[in-house]
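What follows is a short report on a single structure.
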Amino acid sequence: MKIHGMVCTILFALAGHAAIAADIAPVATSTNAKLPVLMPDGRPYTDPDVTARGLPEASPFDQGSTAGAFPQIAPVRKLTDEGWLAASTHRSSAAQVNFERALRMTPNDRRLLWAYGWGMINLGDPACALEAFQRNLSLRPGQRPQWVPMAMALTYTASGQRDAALAWYRAAAQSDPVSFGTDNATLRTTLRWTASERSLIRQLIGYAAQGDGVPSSELAAR
């Protein structure tokens, strides 16, 4: 289910139309593209990013009990975690409420923007996910966070843009060959990711298997 309305509109208004980090190659125009086509520039993404950590694990058996589950932590972190849990278990209204409140309070919180982007991937809204990731990166210019390639690969997989998704998948393999250097490694690394993310990963691997002359075992070499 998509929630591309209120929350994404708020994010645009608060953050402005921020450009993605300068280290990503310029936009390639395409009349058929659902999203602007932003491509990796061929260099690895290896910078650690401590803000991009620590989201609670979603449980499909506990969807009704997460509201107010984090009473003793800072308000924005609490709203972020509850928004993420709602998105990861496909409760779009709850996700919308929590993310909207958090974005009104701290529109430049990078952990919030990171969680919001992944939340939108889980709710099937890659346009909002891309905007959130763009905003996050604009707040850390010159850095190349490790999470970027797979976040972008799944964003473009969700939007059905195969070439861009594969380009970012190769960037993930180049950046972290242990975790993403082969399809099997990717499946192992993402074993505890959400069901929606795993579905997109299988779709991404399917794109790779369709054949462009690059065996999956050689992704890390590209």
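In this rough spin-label picture, where each label sits 7 Å from Cα along the Cβ direction, the D47-N184 distance is 3.5 nm. Rounded to the nearest whole Hz, the Karplus-based 3J(HN,Hα) values (6.51 cos²θ - 1.76 cosθ + 1.60, θ = phi - 60°) of the range 74-83 follow the sequence 4, x, 5, 4, 4, 5, 4, 5, 6, x, with x at glycine and proline. Ellipsoid semi-axes for the range 155-199, based on the Cα gyration tensor and the rule √(5λ), read 17, 15, 7 Å when sorted largest first.
Computed from phi, the 3J(HN,Hα) profile of the range 202-207 under the Karplus parametrisation 6.51, -1.76, 1.60 (θ = phi - 60°) reads 5, 5, 4, 5, x, 4 Hz, with x in place of Gly and Pro.
With a simple spin-label model that places each label point 7 Å from the Cα along the Cα-to-Cβ direction, the separation between D163 and S199 comes to 2.7 nm.
The calculated FRET efficiency for the pair M105 and Q143, based on their C-beta separation and a Förster distance of 22 Å, comes to about 0.35.
FYI, it's all coordinate maths here, none of it is from the lab. Just so it is clear, the model here is predicted, and its values are computed rather than measured. As a convention, Cβ positions derive from the backbone with ideal geometry for all residues, glycine included, and neighbour counts pool all protein chains shown.
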